[in-house]
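See structure below.
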Amino acid sequence: MIKLFRKLNSIPFSKRILIYVIVPALSIAIFVKFFYLPSKTEINQLKKQLLDAQGKLEKLKQAEKRLHKLNLELQDINRKFLELTQLLPDKKEIPDLLSDVSALGNKCHLEFLLFQPEKENPKDFYAEVPITLVIQGRYVDAEDFLSKISELPRIINIPGLKFGSPKMKEDTVILKADVQMVIYRFIPKKAGVHEGKEDRK
């Protein structure tokens with residue numbers, strides 16, 4: 001170490017000044033080039049990766065919220081669909097429902113001149129079953145009959161109603177009513193239909 005200082009002292013002052021300036025500057029330049037700049041670049045890359053990861057995480061959180069909302073909506077749709085299907089009789093229950101309608105008419109003191117189920121009209125998950133009725137009796141009894149029909153725990157629609165042919169019977173006006181009634185039945189999904197189609201492909 002002493003020898004190094006002696007050698008430095010033996011160098012002219014002007015050159016020593018250059019050494020004192022160049023060596024630290026060169027050391028700083030080497031540090032900056034080989035240590036600081038690569039570290040800074042790596043840090044910037046890590047920051048960018050962190051920001052990207054945070055962005056992806058935020059998107060995943062938003063997607064999770066949307067998925068949760070969709071699941072809740074799907075559960076609500078399934079619940080409402082189940083409630084709806086419970087209002088639709090299946091094919092085996094149709095005769096019982098028709099018997100209930102007929103019994104209500106008799107209970108309301110109406111005479112059935114025609115009670116004719118028509119050909120059903122299949123839709124998506126249900127089928128429309130039109131029924132043509134011709135009833136005869138007092139207006140108040142017909143009104144009571146239609147009111148009781150609406151109270152049945154099934155979906156029954158009356159798209160057509162026409163009163164006519166009034167006549168007197170023991171001081172009472174008797175009317176004839178043409179009634180277009182539509183009841184709805186549930187069509188269960190047939191298992192294996194789609195699979196069979198795919199197999200044939």
Close pairs from segment 100-126: first of a type in the set (V, I, T), partner outside any loop (DSSP other than H, G, I, E, B), Cβ under 7 Å, at least 6 apart: V101/I149
Exclusive hit being under 27 Å from F125 (Cβ atoms) and either part of a helix (DSSP H, G or I) or not assigned by TED's automatic domain parsing to the domain that holds F125 (or both), set L50, L57, L70, L46: L70
Residues (under 34 Å from the mean Cα position of the chain (by Cα) and either in a loop (DSSP other than H, G, I, E, B) or surrounded by fewer than 11 Cβ atoms within 10 Å (Cβ to Cβ) (or both)) located in segment 141-176: S150, E151, L152, P153, R154, I155, P159
Number of positions in segment 115-140 that are in a strand (DSSP E or B) and more than 27 Å from I187 (Cβ to Cβ): 4
Check on L133, modelled with pLDDT of 85 or more and closer than 17 Å to I94 by Cα: yes
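The values are calculated or read from the model by the stated rules, or taken from the named source; none is laboratory data. Predicted model only: the values in this text are computed from it and were never measured. All Cβ positions, glycine included, derive from the backbone under ideal geometry; neighbour counts span all protein chains shown.
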